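The values are calculated or read from the model by the stated rules, or taken from the named source; none is laboratory data. None of these values were measured; they are calculated from a predicted model. FYI the Cβ positions are ideal-geometry reconstructions off the backbone, even for glycines, and counts take in every protein chain you see.
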Amino acid sequence: MSMMAIRDDDTSYWTKPEELERVYNGIWSRDIPVCLSVIPSAVRMYNAGDWYTLYQEVSTEKEIGENTSLVEFLRGLVREDKVEILMHGCNHLYHVSTGQLDVPATKVNLDKLRTGTKNLKLKWIPECLWRDKEDIRKCVSYGKQLLEELFGIQVKVFVPPSNRIGRQAVSEIAKLQLNLSGIIGRGIDRKIGVRYLYYYVYRWAYRLLKQTPYPFVIDLIDHKELVAHTLSRRSSLKSLINSLDFCIRNNAPFVLSTHYWELNEVEGLLDDLYTLVEFALDRGVTIVKLSRCFET
């Protein structure tokens, strides 16, 4: 049986229920689940999606539980099996680097760096790369507990901001029995072992030969990984349909990742989402919670 999961990133204290309803009511009305990767304690992000103007403010950090209307809204959807709660980082704070310094992506810092051609040289570092081992251990453990107590569920899947994660963060999420919505990268970014080396070679050989990401679950013993396909302003609907069709033909799970705020902002993007959903349903695909995809 072919399966698909819809993963939506960035739900946080700063999310309004109506922003999610506007995008997903047509899906929830058909009893199809949406997997929301939730930021436990998010800093506010301004100009999301535009790396040339984006900034954040550390002082704005808020735990999702402080948004009571959102929490009650999500609790209702969880009870109805229309939402699965995933964990999306800790606070989603980026650092920026010029190669000589590494600072939080605040407006003050970025205003100093965005002068002349310096803006083109900025390197954005998501939190699962800049946090040290002790920091990531504390924040992931705390965030997982917060979400589980708030929504009365077991969090089973971790989604790293920007889909980027390092060896130390992978080790910590594995200790918490979390699977990863993501896949082995080009660098040596997992604990080295025979199984990792096997999948590293196989994953990249598959990509080279098939010209598509390795579509099956990667089992690294202490955790599992599964690639996601991104629907954004920069994606191609034709390419996503081809990837979905490839997964269907090979009986591989297909994970579609997107952002509710981008679906609300970018003309035509929401139509693309529903086109993909209809294509999947017409082909007999079952749309499921993301955690179920790891059971294949």
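For this structure, a couple of remarks:
- Looking across segment 3-59, the residues that are part of a loop (DSSP other than H, G, I, E, B) and either in contact with a Ser or Thr (Cβ under 7 Å, 6 or more places away or on another chain) or free of Cβ contacts under 8 Å to residues at least 12 places away in the same chain (or both) come down to Ser29, Arg30, Ile39, Asn47, Asp50, Thr53.
- Positions within segment 111-167 being of a type in the set (Lys, Arg) and under 23 Å from Cys293 (Cβ atoms), in sequence order: Lys144, Lys156, Arg164
- Among the residues here, Glu225 does not qualify as within 20 Å of the chain's Cα centre (by Cα), at negative phi and modelled with pLDDT under 95.
- The test for being buried (at least 22 other Cβ atoms within 10 Å of the Cβ), in contact with a Leu (Cβ under 6 Å, 6 or more places away or on another chain), under 17 Å from His223 (Cα atoms) and not polar (S, T, N, Q) does not hold for Val140.
- Residues in segment 112-131 that are modelled with pLDDT of 85 or more and in a helix (DSSP H, G or I): Lys112, Leu113, Glu127, Cys128, Leu129, Trp130.
- Each residue in segment 171-197 was checked for being outside any loop (DSSP other than H, G, I, E, B), modelled with pLDDT of 95 or more and under 24 Å from Cys247 (Cβ atoms), and 4 of them qualify.
- Qualifying residue in segment 91-104 (condition: over 18 Å from Lys62 (Cα atoms), among the small types (Gly, Ala, Ser) and assigned to a strand (DSSP E or B)): yes
- Flag for Val71 being assigned to a helix (DSSP H, G or I) and among the β-branched types (Val, Ile, Thr): yes
- Among (1) surrounded by 14 or more Cβ atoms within 10 Å (Cβ to Cβ); (2) farther than 23 Å from Ala280 by Cβ; (3) among the basic types (Lys, Arg) - the single one Lys156 does not satisfy: (2)
- Remark: Tyr55 matches the filter, which requires a residue to be under 27 Å from Gln168 (Cβ atoms) and in contact with a strand residue (DSSP E or B) (Cβ under 6 Å, 6 or more places away or on another chain).
- Condition check for Arg186: within 25 Å of Leu208 (Cα to Cα) and within 14 Å of the chain's Cα centre (by Cα): no
- Candidate set: segment 75-132, residues that are under 30 Å from Arg30 (Cβ atoms) and basic (Lys, Arg); chosen: the one surrounded by the most Cβ atoms within 10 Å (Cβ to Cβ): Lys82
- Subset of segment 249-274 that is assigned to a helix (DSSP H, G or I) and among the acidic types (Asp, Glu) - its residue that is nearest to Ala48 (Cα to Cα): Glu262
This table checks each residue for (1) hydroxyl-bearing (Ser, Thr, Tyr); (2) modelled with pLDDT of 95 or more; (3) closer than 18 Å to Gly26 by Cβ; (4) under 18 Å from the mean Cα position of the chain (by Cα).
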| residue | (1), (2), (3), (4) |
| --- | --- |
| Asn242 | no, yes, no, no |
| Ile248 | no, yes, no, no |
| Leu263 | no, yes, yes, yes |
| Val266 | no, yes, yes, no |
| Tyr274 | yes, yes, yes, no |
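- If the condition is being assigned to a helix (DSSP H, G or I) and out of contact with any strand residue (DSSP E or B) (no Cβ under 7 Å at 6 or more places or on another chain), then segment 74-90 contributes Arg75, Gly76, Arg79.
- Only residues that are among the polar types (S, T, N, Q) and assigned to a helix (DSSP H, G or I) were counted in segment 230-248, giving 3.
- Residue check for Thr11: within 22 Å of Ile165 (Cα to Cα) and modelled with pLDDT of 95 or more: yes
- Among the residues of segment 182-192, the ones that are surrounded by 12 or more Cβ atoms within 10 Å (Cβ to Cβ) and either without any contact (Cβ under 8 Å) to a residue 12 or more places away in the chain or of a type in the set (A, V, I, L, M, F, W, C) (or both) come to 3 in all.
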